[in-house]
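Before any comments, here is the structure.
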Amino acid sequence: MGKKRSEFKSEYKWNTSDLFKSDEEALKEIDNLSKEVDKVKKYEGHILDSASSLYELLTFDTNLEKRLERVFIYGHLNNDADTKDVNSQMLFGKSRNVYSKYLEKSAFIIPELLESDYEKIEKYLKEEPKLEEFKRMLKHIYREKDHVLSKEVESALAIFSKSFSAPEEIMQTLSDSDFTFDDIEVDGKKVELTESNFSTYIKNPNQEVRKQAFDSLYKTFEKFKNSIAVILKNEVEKNAASAKLRKFKSSLSSSLFSNEIDEKVYYNLIEGVHKHLPSLYKYFALKKKELGLKELHIYDTYTSLESKNTKKYSFEEAKELVLKVCAPLGKEYTSILERAFTEGWIDSCNNEGKRGGAYCTACYMTHPYVLLSYEGTLQDVSTLAHELGHAMHYYYAINNQNYQDYGYSIFVAEVASQVNEILLSRYLLDNSKDKSEKKKIIDDLLLSYKASLFRQTMFAEFELFIHDFTEKGNILTYENMSDKYYELNKLYFGDNVVVDDKIRYEWERIPHFYMNFYVYQYATSFTAAITLANKIYEGDQDTLKKYLEFLKLGCTKDPVASLKVAGIDMTSSKVMDDAILYMDKLLEMYEDLQGSDKSE
């Protein structure tokens, strides 16, 4: 059994008291908010009476949202830290309930605004200068005018908003709390396999351990294939119904419209990755040869080429390393980063019941929070650097924008995180004196290409399939989803990899399939991050200056324009081509190190 949360020292847990000093204080605020939410109804029918009435409503609503965010984040963090804790479940449920009540009570706002044209808003902006802080938000609302429904319908949808998240919530609960996997044998000892430690054992130097972990995990998912297919089917059907109701031609167009992204970006990504699959195939051929395997199975593709290098990092060593690798980002950046470690922004303990995976979230009234289950591998250090990249992006946006403008688009969300990961790899590569270690660092970078560019694009292609398939009137089942997923694995892994049959059930455990076309942005962000990180690492001060300005933007510019501030043009194929050029360079570097080993 894993360790209980109480067994970990406080320095490895996040400090939620920055949000509320106690559950009792949070519950009191929830009660207060429940009453405050009712007051929004007094503005119904009067929002556009005058410039001052519009400003009053927007100010009231924004202040209310700040407080709602605070209680929601508090409940969310405590629940994720221990999903088995009944009190945390209760508090999170109450925070979600009051937020749902707010959505229901305030559902009239946007439809009522859209009863008038934007010309009226422009008139009010001239009459009331204080409205300027809401200008971007108002322009964005009116951009969606054709897709907003009547007050009655929007109110009804708000009432059901909590139910709409049911597929994701059910799947997350199953994965975090209910699924159990067969024990595996590691170094002659039985070990409990969990979703959290699977990522460690699938990289184990021993192929038999990797195979056991792979078989154990997917044996369980195979048992639940029918149930999980129904859960995901409902998620996709919800997205399709919502898109149709809001007069979008597809779920994809609906999702991308809200982020101001042209659909061509999505299709160009898939096309561009297909074009460059030979570079990935070359990597797998190298991996098969270097590992000395007759057959390279899909569960072998996660392990490092340099299995001799198994250095572990204490959390304190990880902290110092992350601060060093971020030094090219400037003294201000690293001094803020230091606070993340000393002020309780990070929860790193791997306790029973903790939500799997890693993420960063933020509260405008406090600071960002990072969750991961740290076990001391270099990949864990990389994950820490990644999530702290998100945290710093949030921090800069929070401290340079109003509440309504701090939340940056998900299209740019993975840029800052992956810049940090790449800086880590470049630092380690340049500072290593050992050829074996250099080879491992190069392989880790190549694994990042596999995970962030190729794998996420494969996910994006699968997500596009399940939505297109549904929107054409077909019914998703575990068979057609599993068959398509297996087919995509065959395409992306190529002839140098044995694509084991059980991989057809991997789609069941991908949480991002419940996030409505999110994953493609890992890939687009990675290509942008490669260029930015390489220039910053090499001391390009102009790029650094532009990059820090980009971090401050929040959502004040559309995402493509935001990246142009950083010097990246995502409408050009050059971004992808340059990223693959660097991948090919890494492959050449590895082969050169191989050759020098043999000549010695």
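Axis angle, to the nearest 10 degrees, between helix 456-471 and the longest C-alpha principal axis of the chain: 50 degrees. Under the criterion of Cα pairs below 8 Å and six or more residues apart, the relative contact order for region 9-164 equals 27 percent. If the segment from D23 to H140 were pulled out straight at 0.36 nm per residue, it would be longer than the present Cα-Cα gap by 38.5 nm. A simple packing score, the average count of other Cβ atoms within 10 Å per residue, orders the peptides 114-123, 386-395 as 386-395, 114-123, with the highest score first. Peptides 374-385, 500-511 ranked from most to least packed, by the mean per-residue count of other Cβ atoms within 10 Å: 374-385, 500-511. Specify whether the C-alpha gyration tensor of region 204-272 places it in the rounded, prolate or oblate class, a ≥ b ≥ c being the square roots of the eigenvalues: rounded for a/c under 1.5, otherwise prolate if a/b is larger than b/c and oblate if not. Taking the square roots of the gyration eigenvalues as a ≥ b ≥ c, region 204-272 is oblate. Taking 17 Å as the straight-line reach from the Cα of K130, the aspartates and glutamates in range (excluding those fewer than 8 positions away in the same chain) are D49, E56, D61, E122, D405.
Relative contact order of the chain: what whole-number percent is it, with Cα pairs under 8 angstrom and at least 6 residues apart?
Relative contact order of the chain: 18 percent.
Beta bridges from DSSP with both residues in the chain: antiparallel share about 65 percent, rounded to the nearest 5. Taking amide H as placed 1.01 Å from N in the peptide plane, E414 has no amide H partner under 5 Å among residues 5 or more places away or on another chain. The separation of region 409-426 from region 355-392, counted between C-alpha centres, amounts to 12 Å. Taking 7 Å steps out from each Cα toward its Cβ at E152 and Y359 produces label points 3.6 nm apart.
For the chain, adding -39500 (n - 2.57) for each run of n ≥ 4 DSSP H residues and dividing by the number of residues yields -19500 deg cm²/dmol at 222 nm.
Legend: residue pairs K4/K319; K126/K264; K189/K433; K105/K557; K354/K545, Cα-Cα distance threshold 31 Å; pairs beyond threshold, K126/K264; K189/K433; K354/K545.
Classify region 445-562: rounded, prolate or oblate, from the alpha-carbon gyration tensor (a ≥ b ≥ c, eigenvalue square roots; a/c under 1.5 rounded; otherwise prolate if a/b is larger than b/c)? Oblate is the answer for region 445-562, as a/c is 1.5 or above yet b/c matches or exceeds a/b.
Amide H contacts under 5 Å for H297: V498, restricted to partners 5 or more places along the chain or on a different chain, H placed in the peptide plane at 1.01 Å from N. Label separation (D434 vs S52): 7.3 nm, computed from points 7 Å beyond Cα along the C-beta direction. Distant-in-sequence amide contacts of A362, defined by a placed amide H-H separation under 5 Å and a gap of 5 or more residues or a different chain, comprise Y369.
Can you tell me how the chain classifies by the Cα gyration tensor, rounded, prolate or oblate, using a/c under 1.5 as the rounded cut? Prolate, because a/c is 1.5 or more and a/b exceeds b/c. Each peptide in 47-53, 410-416, 203-209 gets a packing score, the mean of other Cβ atoms within 10 Å over its residues, and the list from highest to lowest is 410-416, 203-209, 47-53. Computed from the Cβ-Cβ distance with R0 of 22 Å, the FRET efficiency linking S253 to S573 stands at 0.50.
Since every read-out is calculated from the coordinates, none of them should be taken as a lab result. This is a predicted model, so every value here is computed, not measured. Neighbour counts run over all protein chains shown; Cβ positions are idealised from the backbone, glycine included.
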